[in-house]
Amino acid sequence: DDYGRLDAEFHHLLAKATGNRFMVHLFLTIRGIMEQFITEAFSALPRTLGRSLSEHKRIYAELLRRDEKQSVLAMKRHLENIRKSMENLYTSNL
């Protein structure tokens, strides 16, 4: 439960750090869906939690290095893995 809350907070902080009000609004709009997915995915797909944490560490490390290209790449990989996890989770339950 704590990780799900912290995961959402990590993404909220990233959205706020962009300085882009649209990104913050977008995040706040999807936050409930995101938290529901996190809860369901971590329960049904246990490896998702470890992968998510590892990806968050990578994103954070690239941000600390101020490497824009690698930060964007790390976030794109993370989002793609989330997309795949969602697809696996929701299509396997049909």
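The values are calculated or read from the model by the stated rules, or taken from the named source; none is laboratory data. Since the model is a prediction, treat every value here as computed from it, not as a measurement. Here Cβ is always computed from backbone atoms with ideal geometry, including for glycine, and neighbour counts include all displayed protein chains. Quick note on the areas: whole protein, heavy atoms, side chains included, nothing else; ligands and nucleic acids left out. Shrake-Rupley method; radii C 1.70, N 1.55, O 1.52, S 1.80 Å.
Identify all residues within the stretch 55-94 that are small (Gly, Ala, Ser) and over 18 Å from residue 6 (Cα atoms); write none if there are none.
The answer is 71, 74, 85, 92.
Inside the stretch 38-85, can you point out the residues that are among the hydrophobic types (A, V, I, L, M, F, W, C), assigned to a helix (DSSP H, G or I) and surrounded by fewer than 16 Cβ atoms within 10 Å (Cβ to Cβ)?
Step one: filter the stretch 38-85 for residues among the hydrophobic types (A, V, I, L, M, F, W, C), giving 38, 41-42, 44-45, 49, 53, 59, 61, 63-64, 72-75, 79, 82.
With the extra rule that they be assigned to a helix (DSSP H, G or I), the set shrinks to 38, 41-42, 44, 49, 53, 59, 61, 63-64, 72-75, 79, 82.
44, 53, 61, 64, 72, 73, 79 - these are the residues of the stretch 38-85 that are among the hydrophobic types (A, V, I, L, M, F, W, C), assigned to a helix (DSSP H, G or I) and surrounded by fewer than 16 Cβ atoms within 10 Å (Cβ to Cβ).
Can you spot a residue in the stretch 1-9 that is open to solvent by 40 Å² or more (accessible area, probe 1.4 Å), touching a residue at least 12 places away in the same chain (Cβ under 8 Å) and in a helix (DSSP H, G or I)?
Yes.
For the stretch 62-80, give me the residue count where each residue is within 15 Å of the chain's Cα centre (by Cα) and either farther than 19 Å from residue 12 by Cβ or among the charged types (D, E, K, R) (or both).
The qualifying residues number 4.
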